[in-house]
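Okay, so here's the structure we're looking at.
The values are calculated or read from the model by the stated rules, or taken from the named source; none is laboratory data. If you're wondering where the values come from, they're calculated on a predicted model, not measured in any experiment. Here the Cβ positions follow ideal geometry from the backbone for every residue, glycine too, while neighbour counts run over all protein chains shown.
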Amino acid sequence: MKIAIISDIHANLEALEAVLFEIEKSNVDKIFCLGDLFLAGYDPNSTGAKIFELIKKYKENFEIIQGNTDKMLANYSEELFELAKNKFPCMGYALRDDLNIIDKKYLDFIRNLPEKKSIEINNLKIELVHGSPRKQDENIYPNLDINEVEQMVENSNAQIILCGHTHLPCGYSLNSGKTVVNVGSVGRSMTQDKMPYWALLTINNDATFQIEHKTTKYDNKKVSNIILKRNFPHSDELAKMYLEN
Ligand SMILES: [Fe+2]
């Protein structure tokens, strides 16, 4: 069985379509999406329509959970705006501006998503989380101390833990036998190349498995220019995040 895992799309339709093109070629049986669908991208409504299309196409073979920024958008308040603005000005203003664009049906959709999901395939337990099993916005970064990662996932009984949130792909094989894979971000990758990342999980009948990080090219300069034209305070800083360092 082949499963594509995507995360952190952030309303970047161009990147999502590039990744879905690769996923289609891989003949996957299922798609898992680990949240952060909309915040601070350029086209939340077309991204939402694409997600709804995937749900219709894959039915029970499409699994999706809520990301921390889905929760922020769905539960927006002026207080949340102030908090976000003080931490990352461009994200705070993007959050407020997104609410002028995004259709209510997509906000209702992300409000009602679960924070985690447990799935069993061929006796293999898989947990889908956005940050870590213990916290929706915890960072499982590359190059962490392996004991620190072990603590982050100690309340999970899954053999495979799939996460996103940091926008940086990485993976850990822990002494407890757990495999932790951060699949990276489709829509606003923080890798040096700023290209979309996703993962392909292959599960064999004997419950052995392989996970590969995947990437593809897309027109990041075009997306950066569209973001710049959103023209809210600090949108220039956001636009720079799509370009190579
Ligand atoms: Fe994200």
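The single condition among (1) buried (at least 23 other Cβ atoms within 10 Å of the Cβ); (2) farther than 18 Å from Ile9 by Cα; (3) of a type outside the set (A, V, I, L, M, F, W, C) that Ser156 does not meet is (1). Across segment 113-172, the qualifying residues are those that are hydroxyl-bearing (Ser, Thr, Tyr) and farther than 24 Å from Ala84 by Cβ, and the one among them that is farthest from the chain's Cα centre (by Cα) is Ser156. Scanning segment 121-162 for residues that are among the aliphatic types (A, V, I, L, M), farther than 21 Å from Asn204 by Cβ and within 16 Å of the ligand (Cβ to nearest atom) yields a count of 2. Restricting to segment 81-90, and then to whatever is outside any loop (DSSP other than H, G, I, E, B) and within 16 Å of the ligand (Cβ to nearest atom), can you tell me which residue is farthest from Asp36 (Cα to Cα)? Per the criteria, the residue is Lys87. Here Ala4 fits the description: in a strand (DSSP E or B), small (Gly, Ala, Ser) and touching a residue at least 40 places away in the same chain (Cβ under 8 Å). Kindly indicate whether any position in segment 205-215 is under 16 Å from Ile9 (Cβ atoms) and within 16 Å of the ligand (Cβ to nearest atom). No, segment 205-215 contains no residue that is under 16 Å from Ile9 (Cβ atoms) and within 16 Å of the ligand (Cβ to nearest atom). Can you tell me how many residues within segment 118-160 are touching a residue at least 12 places away in the same chain (Cβ under 8 Å) and assigned to a helix (DSSP H, G or I)? Counting residues in segment 118-160 that are touching a residue at least 12 places away in the same chain (Cβ under 8 Å) and assigned to a helix (DSSP H, G or I) gives 4. When segment 49-71 is filtered for residues that are within 16 Å of the ligand (Cβ to nearest atom), out of contact with any strand residue (DSSP E or B) (no Cβ under 8 Å at 6 or more places or on another chain) and not basic (Lys, Arg), the ones remaining, listed by number, are Gln66, Gly67, Asn68, Thr69, Asp70. Once segment 215-235 is narrowed to residues that are free of Cβ contacts under 8 Å to residues at least 24 places away in the same chain and assigned to a helix (DSSP H, G or I), the residue that is surrounded by the most Cβ atoms within 10 Å (Cβ to Cβ) is Ser224. Residue count for segment 163-180, restricted to those that are surrounded by 22 or more Cβ atoms within 10 Å (Cβ to Cβ) and away from the ligand (no atom under 16 Å from the Cβ): 1.
Please verify whether segment 73-80 includes one or more residues that are within 16 Å of the ligand (Cβ to nearest atom), surrounded by 22 or more Cβ atoms within 10 Å (Cβ to Cβ) and either modelled with pLDDT under 95 or acidic (Asp, Glu) (or both). No, segment 73-80 has no match at all.
Is it the case that some residue within segment 30-44 is over 17 Å from the mean Cα position of the chain (by Cα) and either over 20 Å from Ser189 (Cβ atoms) or away from the ligand (no atom under 14 Å from the Cβ) (or both)? There is no residue in segment 30-44 that is over 17 Å from the mean Cα position of the chain (by Cα) and either over 20 Å from Ser189 (Cβ atoms) or away from the ligand (no atom under 14 Å from the Cβ) (or both). Considering segment 53-98, and only residues there that are among the hydrophobic types (A, V, I, L, M, F, W, C) and touching a residue at least 40 places away in the same chain (Cβ under 8 Å), the residue that is nearest to His165 (Cα to Cα) turns out to be Ile65.
Count, please, the residues in segment 134-147 that happen to be surrounded by 15 or more Cβ atoms within 10 Å (Cβ to Cβ) and in contact with a strand residue (DSSP E or B) (Cβ under 6 Å, 6 or more places away or on another chain). Counting residues in segment 134-147 that are surrounded by 15 or more Cβ atoms within 10 Å (Cβ to Cβ) and in contact with a strand residue (DSSP E or B) (Cβ under 6 Å, 6 or more places away or on another chain) gives 1.
All but one of (1) among the acidic types (Asp, Glu); (2) surrounded by fewer than 18 Cβ atoms within 10 Å (Cβ to Cβ); (3) in contact with a strand residue (DSSP E or B) (Cβ under 7 Å, 6 or more places away or on another chain) hold for Glu127; which doesn't? Every listed condition holds for Glu127 apart from (2).
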